[in-house]
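Quick notes on the structure that follows.
The values are calculated or read from the model by the stated rules, or taken from the named source; none is laboratory data. Since the model is a prediction, treat every value here as computed from it, not as a measurement. Using ideal geometry, Cβ is built from the backbone for each residue, glycine included, and neighbour counts are taken over all protein chains shown. Just so you know, the surface numbers come from the protein's heavy atoms only, side chains and all, with ligands and any DNA or RNA stripped out. Shrake-Rupley method; radii C 1.70, N 1.55, O 1.52, S 1.80 Å.
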2 protein chains.
Amino acid sequence: EMFMDAYVVLRDDMVNGMADYEMPPDAVKYIHRMIEYNVPKGKLNRGLAVISSLRSLMQGESISDSLVFKANAAGWCIEWLQAMFLVADDVMDASITRRGQPCWYKLPEVGMNAVNDSLILESQLYGVIRKHFQGDKYYMDLLHLFQDVSYKTQLGQLLDLTSQEKDKVDLSKFTLETWERIVKYKTAFYSFYLPVAAAMMIAGITDKAAYDVASEILLDMGEYFQAQDDFLDCYGDPEYIGKIGTDIEDNKCGWLIVQALKSASQEQRSILESSYAKKDPAMVAKVKKVYKELDLEGVFAKYETESHKRISDAISKVKVMPQAPFLDLLKKIYKRSK
Amino acid sequence: EMFMDAYVVLRDDMVNGMADYEMPPDAVKYIHRMIEYNVPKGKLNRGLAVISSLRSLMQGESISDSLVFKANAAGWCIEWLQAMFLVADDVMDASITRRGQPCWYKLPEVGMNAVNDSLILESQLYGVIRKHFQGDKYYMDLLHLFQDVSYKTQLGQLLDLTSQEKDKVDLSKFTLETWERIVKYKTAFYSFYLPVAAAMMIAGITDKAAYDVASEILLDMGEYFQAQDDFLDCYGDPEYIGKIGTDIEDNKCGWLIVQALKSASQEQRSILESSYAKKDPAMVAKVKKVYKELDLEGVFAKYETESHKRISDAISKVKVMPQAPFLDLLKKIYKRSK
Ligand SMILES: [Mg+2]
Ligand SMILES: [Mg+2]
Ligand SMILES: [Mg+2]
Ligand SMILES: [Mg+2]
Ligand SMILES: [Mg+2]
Ligand SMILES: [Mg+2]
C-alpha cells in the first residue's frame, strides 16, 4: 500500500500545483477526475515492477524510505505513461470499455477532449520526474529513458495502426516478423525494459553493458508476455482474465493468426481469409476450428517451454549485474493464466 | 532560406533515424509525409522569431553559422510543437481545413491515427533538442522551457474546451478574465514567450530577472495579438487574412463578444444570447449589428492604441537585457491587418 500512498502524494501535488497556473476550480476538478479515472487502474504491474526490481537489485541491503518513494514515483510515471497511451488508443480504436469502465473519451462531458488529456498526462509525468529526480546524478538519463521509450511506443502504435488497412483483410501482412516488431515497440519497451531500467538507474548502475543486456532479456520477455496475451485472448477463461477476447473479430495481427498462417494448408488459409475479422460468431467459430486443427494449443505450449528455456539461459549468463530482477519477472509471468 | 535549409536537415535526420528503430519503408514514408504535411506550413512567424530575436540580442555582433543553425533548430522545435497542437486541435474541433488544405486527420488514410501522430511530433521535437543542444550549458533549461510551455498550452486548450459546453450557449461564461486566461495559456506562452526565451538561452542570458521581465512583456503582447486575431476574424478582409471568420458561428469566447457583453444594454444582450453560436447567416448578421451599435471598431482602435502604449512603456523600462527583441516584435504586430 506504500505504492498507493505515493500515488496520492503525486496526484495531490499535481492538482494543487494547478493553482500556480491560475486554473479555475472547474478545470482543477476536471484534471483531478481525469487522473483518478485513468491512472490508478488496472493491475499496476508495470508500476510495481520498479520497486520490486530495486529490491532484487539491492538484495538484502535495506532501502531507505526516500528511495522507496523514488522507486514508487518512477513506477507511477510508467502508469501515467500507460494511461496517456490507453486514453489515446481508445479514441483511435473507437473502443467502448477499458478496465471494466467506459473508455474516458466515451464520457459525454469528455469526448474528444480526451486527445488533449492524453497530452496532459504525458506532461504531468515529466513534471513528476523533474520534481523528484532533478537533484539526482541520473536525472538526465531517467528523463531520456522515458522520452526514448515513449517515442518507441508511439512508433509501435504507428506500426500497429498501419498493419491492417481499415475494413480490409489482408492476411499476407500478418508475418512473424511484423508481429515481433509491433510487440517489441508497442509493448515490450515500456512494459518490461522501462521499469527495470528505471530501477537500475535508481540503484546507481551506470555500466552501459548492463542496460544492453537488460534490454535484450526484457524485450524477449515482453515478446513472450504478448504471445501469452494473444493466446489467452482466445483460449483463456473469460471469467478469469476479466474480458471476452475479440482479437479475431478485430482483425488483430496476433500470435495465433501468425502461427496459423505459418502452417495452414491452402484450404485452411482460404477459410482464415474469408472468416477472419468478421463480427459474425459463426465466422469466429470457423477460425477457431482451423486453430484447433492446427493444434495451436500444442504449438503454444511448445513455444512457452522454449521461451522459458531461452530466457532462463540468457539470464544465467548475466554477469554485469544481479540476475534477480530478471528471474523474478520471469517467474511472475511464466505459465500465467490471466 | 537558411531557415528552410535547417528544416530539411532536421526532417531528414528524423526520417533517417527511423532506421535505428527497425521501421519498415511504409512507416518511414508515413512519417516523412506526416512531417511535410503538418510542420513547414503557415507563416512560420514563431519559428523565425528565434533567429530574429537572437540577432536583436547580439546587436551588431556577428553570429556564427553554427549558432544560426541552433537558433533555427530551436525555431523549428516551436513549429513542431505548434504542429502537434494543431493536429490534435483539429481532431478535437472536428475542423475541415487548416492552412488551405484538408486537416491531417481528414485524410482517409490517416483518420484517428492523427492522435498518435500528434504524440510523435512531440517526441520528435525533444529529439531535436537533445541532438543539437545536449552539449550546451543551457540544455536542461531549454528542455524544461519547452516542457513548461507545452504543459501550459495544454492547460490553455483545456480551458478553451471547457469554456463552452457543447451545443449550449451560455454567454455568462464569456468574461474578460476568462478570455485573458485562455489567451495567455493557449497562445501567448508558446507564440511569444517561447521563441524569445529560447533565443535568450542561446545568447547565454542566465539572469532570472531577464526571463521574468520578458515573460511579462511578451504575455501582454500575446494578449494584444490574440485580440487582433479575434477582431480580424470579424472585421478583417477575408481575401487578405486568407479565411472567412466563423468565431460567431462557432460559439468562440473571443475578444469581440467579451467586449460587447461588457457594454450591451439588456435588449442588446438578449439579441446576442439568441443569435450567437448559430450557423444561420441571418443570426450572424444580428450579432454583427449589435457589434456595430456598440462601435466595437472604435473600442478596438482605442484598445490597440492603449495596448501599444502600455507595452512600449514596459519595454522602455527594461534594463536587465536589450530592449530590441521586444521592440522588433511589437513593431511587427502593431496595427497588422492580417
Ligand atoms: Mg486498443
Ligand atoms: Mg490500438
Ligand atoms: Mg490482447
Ligand atoms: Mg480549432
Ligand atoms: Mg480548439
Ligand atoms: Mg481566430
* For residues in the range B:88-109 being more than 9 Å from every other protein chain (Cβ to nearest Cβ) and in a helix (DSSP H, G or I), which is nearest to ligand 3 (Cβ to nearest atom)? -> B:105
* Under the condition of being more than 15 Å from residue B:78 (Cα to Cα) and under 14 Å from the mean Cα position of the chain (by Cα), which residue from the range B:175-195 is most open to solvent (accessible area, probe 1.4 Å)? -> B:184
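Considering only residues that are of a type in the set (Phe, Trp, Tyr) and over 14 Å from residue B:144 (Cα atoms), which ones fall in the range A:113-138?
A:138
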* Wholly enclosed helices (runs of 4 or more DSSP H) of the range B:169-279 bearing at least 1 residues touching a Gly at 6+ places or on another chain (Cβ under 9 Å) -> B:176-183, B:194-202, B:208-235, B:238-241
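In the range A:155-174, which residue that is without any contact (Cβ under 8 Å) to a residue 60 or more places away in the chain and within 21 Å of the chain's Cα centre (by Cα) is nearest to ligand 4 (Cβ to nearest atom)? Walk me through how you get there before you give the answer.
Initially, the range A:155-174 is screened for residues without any contact (Cβ under 8 Å) to a residue 60 or more places away in the chain, giving A:155-156, A:158-159, A:162, A:165-168, A:170, A:172.
Okay, now just the ones that are also within 21 Å of the chain's Cα centre (by Cα), so A:155-156, A:158-159, A:162.
Working: A:155: 27, A:156: 29, A:158: 24, A:159: 29, A:162: 26 Å.
Applying the filter and picking the extreme gives A:158.
So which of B:13, B:20 is open to solvent by 30 Å² or more (accessible area, probe 1.4 Å), within 18 Å of residue A:152 (Cβ to Cβ) and within 12 Å of chain A (Cβ to nearest Cβ)? Show your work before the answer.
Numbers: B:13 fails: within 12 Å of chain A (Cβ to nearest Cβ).
B:20 is the lone residue from the list that is open to solvent by 30 Å² or more (accessible area, probe 1.4 Å), within 18 Å of residue A:152 (Cβ to Cβ) and within 12 Å of chain A (Cβ to nearest Cβ).
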* Does the range A:139-156 contain at least one residue that is in a loop (DSSP other than H, G, I, E, B) and either modelled with pLDDT of 95 or more or open to solvent by 10 Å² or more (accessible area, probe 1.4 Å) (or both)? -> no
* Inter-residue pairs, beta-carbon under 9 Å, first over 21 Å from residue B:105 (Cβ atoms) and in the range A:80-103, second within 16 Å of ligand 5 (Cβ to nearest atom) and assigned to a helix (DSSP H, G or I), 6+ apart -> A:83/A:118
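Quick check on residue B:88: is it within 15 Å of ligand 5 (Cβ to nearest atom) and modelled with pLDDT under 95? Please lay out each step first, then the result.
Numbers: within 15 Å of ligand 5 (Cβ to nearest atom): yes; modelled with pLDDT under 95: no.
In short, no.
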* Only listed residue being over 27 Å from residue A:151 (Cα atoms) and among the polar types (S, T, N, Q), chosen from A:52, A:64 -> A:64
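Can you name every residue in the range B:46-72 that is without any contact (Cβ under 8 Å) to a residue 24 or more places away in the chain and open to solvent by 40 Å² or more (accessible area, probe 1.4 Å)? Outline the logic, then answer.
Filtering the range B:46-72 down to residues without any contact (Cβ under 8 Å) to a residue 24 or more places away in the chain leaves B:55, B:60-66.
Matches in the range B:46-72: B:55, B:60, B:61, B:62, B:64, B:65, B:66.
Which ones in the range A:73-101 are buried (at least 17 other Cβ atoms within 10 Å of the Cβ) and away from ligand 1 (no atom under 12 Å from the Cβ)?
Taking the range A:73-101 as the starting set, the residues that turn out to be buried (at least 17 other Cβ atoms within 10 Å of the Cβ) are A:73-92, A:98.
Of everything in the range A:73-101, those that are buried (at least 17 other Cβ atoms within 10 Å of the Cβ) and away from ligand 1 (no atom under 12 Å from the Cβ) turn out to be A:73, A:74, A:75, A:76, A:77, A:78, A:79, A:80, A:81, A:82, A:83, A:84.
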* **Matching residues, the range B:211-266, being modelled with pLDDT under 95, touching a Lys or Arg at 6+ places or on another chain (Cβ under 6 Å) and more than 16 Å from ligand 5 (Cβ to nearest atom)** => B:240, B:241
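Does residue A:33 qualify as being open to solvent by 20 Å² or more (accessible area, probe 1.4 Å), within 16 Å of residue A:7 (Cα to Cα), modelled with pLDDT of 95 or more and within 14 Å of another protein chain (Cβ to nearest Cβ)? Talk me through it step by step, then tell me what you get.
On the way: open to solvent by 20 Å² or more (accessible area, probe 1.4 Å): yes; within 16 Å of residue A:7 (Cα to Cα): yes; modelled with pLDDT of 95 or more: yes; within 14 Å of another protein chain (Cβ to nearest Cβ): yes.
For residue A:33, the condition - open to solvent by 20 Å² or more (accessible area, probe 1.4 Å), within 16 Å of residue A:7 (Cα to Cα), modelled with pLDDT of 95 or more and within 14 Å of another protein chain (Cβ to nearest Cβ) - is met.
Condition check: within 30 Å of residue B:314 (Cβ to Cβ) and either within 16 Å of ligand 3 (Cβ to nearest atom) or away from chain A (no Cβ under 14 Å) (or both). Does residue B:222 satisfy that? Even if it seems obvious, please write down each step before you answer.
On the way: within 30 Å of residue B:314 (Cβ to Cβ): yes; either within 16 Å of ligand 3 (Cβ to nearest atom) or away from chain A (no Cβ under 14 Å) (or both): yes.
Here the answer is yes, as residue B:222 does meet what is asked.
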* Output the number of residues of the range B:110-130 satisfying the condition of being away from ligand 5 (no atom under 16 Å from the Cβ), within 7 Å of another protein chain (Cβ to nearest Cβ) and under 14 Å from residue A:92 (Cβ atoms). => 5
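Matching residues to (1) within 16 Å of ligand 4 (Cβ to nearest atom); (2) more than 22 Å from residue B:171 (Cβ to Cβ):
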site: B:234; (1), (2): no, no
site: B:237; (1), (2): no, yes
site: B:248; (1), (2): yes, no
site: B:252; (1), (2): yes, no
site: B:264; (1), (2): no, no
* Asked: Across the range A:230-273, what is the number of residues that are open to solvent by 20 Å² or more (accessible area, probe 1.4 Å), charged (D, E, K, R) and touching a residue at least 12 places away in the same chain (Cβ under 8 Å)?
  -> 9
* Among (1) open to solvent by 20 Å² or more (accessible area, probe 1.4 Å); (2) over 21 Å from residue A:172 (Cα atoms); (3) away from ligand 2 (no atom under 16 Å from the Cβ), which single condition is residue A:288 missing? -> (2)
